[in-house]
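Colleague: Dumping the structure here so I can ask a few things about it.
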Amino acid sequence: DSGVTQTPKHLITATGQRVTLRCSPRSGDLSVYWYQQSLDQGLQFLIQYYNGEERAKGNILERFSAQQFPDLHSELNLSSLELGDSALYFCASSVGTSEQYFGPGTRLTVT
Amino acid sequence: KNEVEQSPQNLTAQEGEFITINCSYSVGISALHWLQQHPGGGIVSLFMLSSGKKKHGRLIATINIQEKHSSLHITASHPRDSAVYICAVPYKETSGSRLTFGEGTQLTVNP
């Protein structure tokens, strides 16, 4: 158990819908990263938050947004969902530049 | 060309064999990560190393910063080692380092 929790574990929804994925980092970790793993693209960095502020952005679509709350949990919002958004979404947390600890992932299926 | 290249992509071994997975990268890094992804999807951080060698049980990771190359070795392989092994490199940033991932090596160890 990495100490990082993600909910829900599985999510099945229809095209055009909006979903919210939630991540709680390890106690004391200020950085939260979101990654997407799809069959054709592999693991890709989406966005990073550090102590409530957006710190880095990767290949994140405009339909996607995220935030980190004062209690350091983070949410990834995916809207106007398309079939191609079906993927595993991981969050990870770390203290500064140290090792990253991954959550169990949320498997999103868009039908 | 990907910034992180792994080889081989697929590897099948017999129980007890010595396994080597290689990773080459093209960017300057502060440290390199080896991750293990289980068939169920969960990702576990195995090593984060910036120089030399690290050992944990039957796993050994080495890195040569000058040659931009790292290897992951598994001694006395076992069927439970079957998983995808992923090499990842961070970018130097002041507050955490998002990761860029290799495509992974699918390891199957047969009894």
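Colleague: Would you call A:L11 in contact with a Leu (Cβ under 6 Å, 6 or more places away or on another chain) and either assigned to a strand (DSSP E or B) or free of Cβ contacts under 8 Å to residues at least 40 places away in the same chain (or both)?
Modeller: yes
Colleague: Let me ask something additional. What number of residues within the stretch B:56-68 are closer than 14 Å to B:V89 by Cβ and under 11 Å from the mean Cα position of the chain (by Cα)?
Modeller: The number of residues fulfilling the criteria is 2.
Colleague: Inside the stretch A:62-111, counting only strands (runs of 3 or more DSSP E) that do not spill past its ends, which hold 1 or more residues that are within 14 Å of chain B (Cβ to nearest Cβ) and surrounded by fewer than 15 Cβ atoms within 10 Å (Cβ to Cβ)? Before you say what the answer is, go through the steps one by one.
Modeller: Numbers: elements: A:64-68, A:74-78, A:87-94, A:106-110.
Per the criteria, A:106-110.
Colleague: Continuing with the same structure: Which of the following residues is touching a strand residue (DSSP E or B) at 6+ places or on another chain (Cβ under 6 Å), outside any strand (DSSP E or B), more than 9 Å from chain B (Cβ to nearest Cβ) and basic (K, R): A:R26, A:R22? Working first, answer last.
Modeller: Working: A:R22 fails: outside any strand (DSSP E or B).
Only one candidate passes the filter, namely A:R26.
Colleague: Where in chain B are there strands (runs of 3 or more DSSP E), lying wholly inside it, with at least 3 residues that are more than 14 Å from every other protein chain (Cβ to nearest Cβ) and open to solvent by less than 40 Å² (accessible area, probe 1.4 Å)?
Modeller: Filter on chain B gives B:19-25, B:59-64, B:69-74.
Colleague: What is the one condition in (1) within 23 Å of B:Y91 (Cβ to Cβ); (2) open to solvent by 60 Å² or more (accessible area, probe 1.4 Å); (3) polar (S, T, N, Q) that A:Q17 does not satisfy?
Modeller: It is condition (1) that A:Q17 fails.
Colleague: Pull up the stretch B:1-55, narrow it to residues that are of a type in the set (D, E) and under 16 Å from the mean Cα position of the chain (by Cα), then point me to the one that is farthest from B:S71 (Cα to Cα).
Modeller: Ranking the qualifying residues of the stretch B:1-55, first place goes to B:E3.
Colleague: Another question about this same structure. Restricting the search to the stretch A:47-82, which residues are within 10 Å of the chain's Cα centre (by Cα) and among the charged types (D, E, K, R)?
Modeller: Once the filter is applied, which keeps residues that are within 10 Å of the chain's Cα centre (by Cα) and among the charged types (D, E, K, R), the stretch A:47-82 yields only A:E75.
Colleague: Same structure again: In the stretch A:21-48, what residues are surrounded by 13 or more Cβ atoms within 10 Å (Cβ to Cβ) and farther than 21 Å from B:C87 by Cα?
Modeller: Scanning the stretch A:21-48 gives A:L21, A:R22, A:C23, A:S24, A:P25, A:R26, A:D29, A:L30.
The values are calculated or read from the model by the stated rules, or taken from the named source; none is laboratory data. Because the structure is a prediction, the values reported are computed rather than measured. Please note: Cβ atoms are built from the backbone with ideal geometry, for glycine as well, and neighbour counts cover all protein chains shown. SASA here: full protein model, heavy atoms, side chains in, ligands and nucleic acids out. Shrake-Rupley method; radii C 1.70, N 1.55, O 1.52, S 1.80 Å.
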